[in-house]
Amino acid sequence: MTSVATVDRATLSTTVPPPPPRSHLPSLDGLRGIAVLLVLAYHAFPSRLPGGFAGVDVFFVLSGFLITTLLLREKNQVGRVQLRRFWVRRVRRLVPAVVAMLAVVSGLTVLVGNDTGAGLRSQVVGALTWTSNWIQIHQGWSYSDQHLPPLLNHLWSLGIEEQFYLLWPLLVVAALAVLARRRTQQVTVALALVSVGLMAFWYQTGDPNRAYMGLDSHAFGLLLGAGLALSRVPHLLEPGPDGAGARSSTRRTVAGVLGLVVIGAFSALVAWNSDITFLGGLGLLNLAAVAVILAAATPGPVAVGLAWLPLRWIGERSYGLYLWHWPLIVFAVRLAHPDDAEVAAGVALVVALAVSAVSYRYLEVPMRRDGIRVTLRSWLAVLRGKDGRDAVVARLVATIACLYLVLAGAALWQAPAESEVETLLDAGEQVAVDSVDDLPSVPQPMTPPAPEPVQPGRLCQQVPVGTPVSAFGDSVTVAIAPALANRRPGSTAVAAVGWQYGDVASAIRQTAAAGQLQPTVLIATGTNGIIDAGDLNALLTNELAGRQVALVVPSVPGRSWSDQAVRTVNEAAATHDNVHMVDWNALALQHPEVTASDGVHPNGHGQTVFNDLIDQSLAAC
């Protein structure tokens, strides 16, 4: 009789070693692809995907997760984290590509012109020191500026990531030395909540750029990703002792799908300047990204879908795509007619895809694989080689590169500190105020009599040149404020860069309530968004009834709200007899030489022309 040996299933589960952790997941490359596509679409077509900036936060969560996972794996395998090796790997991964981009882009500013080199020196310093976010906060650059954005505006996010890469390894190593891993995770999640609160705090103080670009107030995505890595939840990058990380999970799949839906809905519906964004919305978005990452790191439908080859290909090149797309969009849009801005941006994305593919193959992969020093030596060896075809081509490329570097250096040397528009606005801000409280008192006799209830607006009256006005508006009003004050002594201007119609209407009502309105009022709004037609009609019927109102037709060609703003002003002028329409839009389109490089604000000569247009409009009935 033959005996058969049997093994108890419980014994088998304890003797079979857990599967080794994987070092790379194609599904996470696919998630990178989705994230960078969202950002690209937002920058190229902001009106079509107003919340595409969410892709940056997906990157943050993914970076925090992967970096912390690598740190924990190294600590588990060798007993300690080799910080120097960690930072060297980060330099190999990030520095070569950004230096190449900076050199090429700097040279192109000379060739393209159109104020693309404005502020270039400080932007390059920020890029090379990974402090772009703080420089942009200090200089007041707006992430959502669509008129004349800085060439390297997008590097704020790299600044946050690199500052995190510098500080987080030190913090997590120190924490794990004195705390258990679970307690370290709890502290990390608590810090993420504090960061969410700081974003809301800075936003409530009226500084959305500080809220969005500060490391303290936008580190929650990185910290939530790190918190996921610190948890004991098994996944393919760190399976549990029973191999749980290699098994599919229905709950994780459902959570991952819901996370993708949340990211998609946020990207399609939530604008950057929305209260939702700053008051917890981005925090919830980052939690959705955590769910997607966990599902992507678990075998199942989400991981399979995200590992789709085209998404993986884009994700592998996402760093180069992110570096190149924004400067190329800026160049393309500045060169194109405003009505063709979206087409130009689309072409720029195609070019960015090609450039990033070249960068990935010939620069990023060799530098990451072999190291910066070894790669440079190999290039030098080719240059010093015998007179073969490769050597000749290499020498030609090197010669062109050296000449181009001279051009890039010259671009940095001669780059103006600020653009023409910024210079105009700086001068205007010396005259305009952004608060009714700063206005000088208007003598009481200037307050007109109350209108008759049955009359929606007084009949048109001619206003002589030199008559003071109360001006309200956005950056266009700021730009013309000095010339307006000279042309019409005693005029006041309440305006600020970035103001939308609601801000302007609120300032008018506050000024009216304080008895500070002149009999003649100038309104220039619609530069940054739509004009509320119903509210404008109510404003003209009530607070501005009995006054002569010069209403400016905004010129924002190529912007999604342009037609609505122009139509609203035209309808208001046709409805109210006391409204004098100032058609800046028609004049600017017919004579682009009177506008600055953004095609929106009047330049030095344009300020005179703009005020001439105001005089003509107020003198006519």
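The values are calculated or read from the model by the stated rules, or taken from the named source; none is laboratory data. Quantities reported herein were computed from a predicted structural model and do not represent experimental measurements. Note that we place each Cβ from the backbone using ideal geometry, even for glycine, and neighbour counts take in every protein chain shown. Protein only, heavy atoms only, side chains kept; ligands, DNA and RNA dropped before computing areas. Shrake-Rupley method; radii C 1.70, N 1.55, O 1.52, S 1.80 Å.
Select from segment 562-580 the residues that are within 16 Å of residue 525 (Cα to Cα) and either crowded, with 19+ Cβ neighbours inside 10 Å or within 27 Å of the chain's Cα centre (by Cα) (or both) and list them in ascending order. Correct list: 562, 563, 564, 565, 566, 568, 569, 572, 573, 579, 580. Restricting segment 475-499 to residues that are under 19 Å from residue 566 (Cα atoms) and assigned to a helix (DSSP H, G or I), the residue that is nearest to the chain's Cα centre (by Cα) is 475. Taking the conditions exactly as written (touching a residue at least 40 places away in the same chain (Cβ under 8 Å) and among the polar types (S, T, N, Q)), does residue 157 satisfy them or not? Answer is yes for this residue. Residue 261: hydrophobic (A, V, I, L, M, F, W, C), more than 28 Å from residue 130 (Cα to Cα), modelled with pLDDT of 95 or more and open to solvent by 40 Å² or more (accessible area, probe 1.4 Å), yes or no? So residue 261 fits the description; yes.
Applying a threshold of 6 Å to beta carbon distances and a minimum spacing of six or more residues, or different chains, the list of pairs starting in segment 291-309 at a residue that is at positive phi and ending at one that is open to solvent by 20 Å² or more (accessible area, probe 1.4 Å) and part of a loop (DSSP other than H, G, I, E, B) reads 300/248. Counting the residues of segment 598-612 that are surrounded by fewer than 22 Cβ atoms within 10 Å (Cβ to Cβ) and assigned to a helix (DSSP H, G or I) gives 6. Looking at segment 597-607, is at least one residue of a type in the set (Val, Ile, Thr), modelled with pLDDT of 90 or more and either out of contact with any Phe, Trp or Tyr (no Cβ under 8 Å at 6 or more places or on another chain) or over 23 Å from residue 422 (Cβ atoms) (or both)? Scanning segment 597-607, I find no residue that is of a type in the set (Val, Ile, Thr), modelled with pLDDT of 90 or more and either out of contact with any Phe, Trp or Tyr (no Cβ under 8 Å at 6 or more places or on another chain) or over 23 Å from residue 422 (Cβ atoms) (or both), so the answer is no.
Residues that are closer than 30 Å to residue 341 by Cα, open to solvent by less than 50 Å² (accessible area, probe 1.4 Å), assigned to a helix (DSSP H, G or I) and of a type outside the set (Ser, Thr, Tyr): does segment 60-80 have at least one? Yes, some residue in segment 60-80 is closer than 30 Å to residue 341 by Cα, open to solvent by less than 50 Å² (accessible area, probe 1.4 Å), assigned to a helix (DSSP H, G or I) and of a type outside the set (Ser, Thr, Tyr).
From the list 166, 198, the lone residue that is in contact with an Asp or Glu (Cβ under 8 Å, 6 or more places away or on another chain), in contact (Cβ under 8 Å) with a residue 12 or more places away in the chain and in a helix (DSSP H, G or I) is 198. Select from segment 112-133 the residues that are outside any loop (DSSP other than H, G, I, E, B) and touching a residue at least 40 places away in the same chain (Cβ under 8 Å) and list them in ascending order. Within segment 112-133, 112, 120, 121, 122, 124, 133 meet the criteria. Scanning segment 99-109 finds one or more residues that are without any contact (Cβ under 8 Å) to a residue 60 or more places away in the chain, closer than 17 Å to residue 324 by Cβ and open to solvent by 40 Å² or more (accessible area, probe 1.4 Å).
None of 547, 559 is under 17 Å from residue 508 (Cβ atoms) and either among the hydroxyl-bearing types (Ser, Thr, Tyr) or in contact (Cβ under 8 Å) with a residue 12 or more places away in the chain (or both) except 547.
The combined condition, being open to solvent by 40 Å² or more (accessible area, probe 1.4 Å), farther than 20 Å from residue 487 by Cβ and at pLDDT below 90, is fulfilled by residue 559. Applying a threshold of 6 Å to beta carbon distances and a minimum spacing of six or more residues, or different chains, the list of pairs starting in segment 79-98 at a residue that is closer than 15 Å to residue 172 by Cα and ending at one that is open to solvent by 40 Å² or more (accessible area, probe 1.4 Å) reads 81/75; 81/173. Checking segment 210-218 against the condition returns a match, with at least one residue being within 28 Å of residue 497 (Cβ to Cβ), among the aliphatic types (A, V, I, L, M), in a loop (DSSP other than H, G, I, E, B) and open to solvent by less than 50 Å² (accessible area, probe 1.4 Å). Considered as a group, the residues in segment 16-37 that are aliphatic (A, V, I, L, M) and modelled with pLDDT of 95 or more include one that is most open to solvent (accessible area, probe 1.4 Å), and that residue is 37. Every condition in (1) open to solvent by 10 Å² or more (accessible area, probe 1.4 Å); (2) not in a helix (DSSP H, G or I) is met by residue 472 except one, and the failing one is (1).
Rundown of residues vs (1) in contact with a Ser or Thr (Cβ under 9 Å, 6 or more places away or on another chain); (2) open to solvent by 40 Å² or more (accessible area, probe 1.4 Å), yes/no style:
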{"residue": "238", "(1), (2)": "yes, yes"}
{"residue": "253", "(1), (2)": "yes, no"}
{"residue": "276", "(1), (2)": "no, yes"}
{"residue": "283", "(1), (2)": "yes, no"}
{"residue": "287", "(1), (2)": "no, yes"}
{"residue": "298", "(1), (2)": "yes, no"}
{"residue": "302", "(1), (2)": "yes, no"}
{"residue": "315", "(1), (2)": "no, no"}
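One residue is enough: does segment 581-597 have a residue meeting the conditions in contact (Cβ under 8 Å) with a residue 60 or more places away in the chain, surrounded by fewer than 19 Cβ atoms within 10 Å (Cβ to Cβ) and at negative phi? There is at least one residue in segment 581-597 that is in contact (Cβ under 8 Å) with a residue 60 or more places away in the chain, surrounded by fewer than 19 Cβ atoms within 10 Å (Cβ to Cβ) and at negative phi. Of the candidates 447, 467, the single residue that is at pLDDT 60 or above and either surrounded by 17 or more Cβ atoms within 10 Å (Cβ to Cβ) or hydroxyl-bearing (Ser, Thr, Tyr) (or both) is 467. Hey, any hits in segment 500-511 for a residue that's within 19 Å of residue 562 (Cβ to Cβ), at pLDDT below 95, part of a loop (DSSP other than H, G, I, E, B) and out of contact with any His (no Cβ under 7 Å at 6 or more places or on another chain)? Within segment 500-511, one or more residues are within 19 Å of residue 562 (Cβ to Cβ), at pLDDT below 95, part of a loop (DSSP other than H, G, I, E, B) and out of contact with any His (no Cβ under 7 Å at 6 or more places or on another chain).
State all residues of segment 38-59 that are of a type in the set (A, V, I, L, M) and surrounded by fewer than 20 Cβ atoms within 10 Å (Cβ to Cβ); if no residue qualifies, say none.
41 - this is the single residue of segment 38-59 that is of a type in the set (A, V, I, L, M) and surrounded by fewer than 20 Cβ atoms within 10 Å (Cβ to Cβ).
Count of segment 81-97 residues, restricted to those that are surrounded by fewer than 19 Cβ atoms within 10 Å (Cβ to Cβ), within 28 Å of the chain's Cα centre (by Cα) and not basic (Lys, Arg), is 3. For segment 342-421, the helices (runs of 4 or more DSSP H) that sit wholly inside it and include 2 or more residues that are open to solvent by less than 40 Å² (accessible area, probe 1.4 Å) and touching a residue at least 40 places away in the same chain (Cβ under 8 Å) are 389-414.
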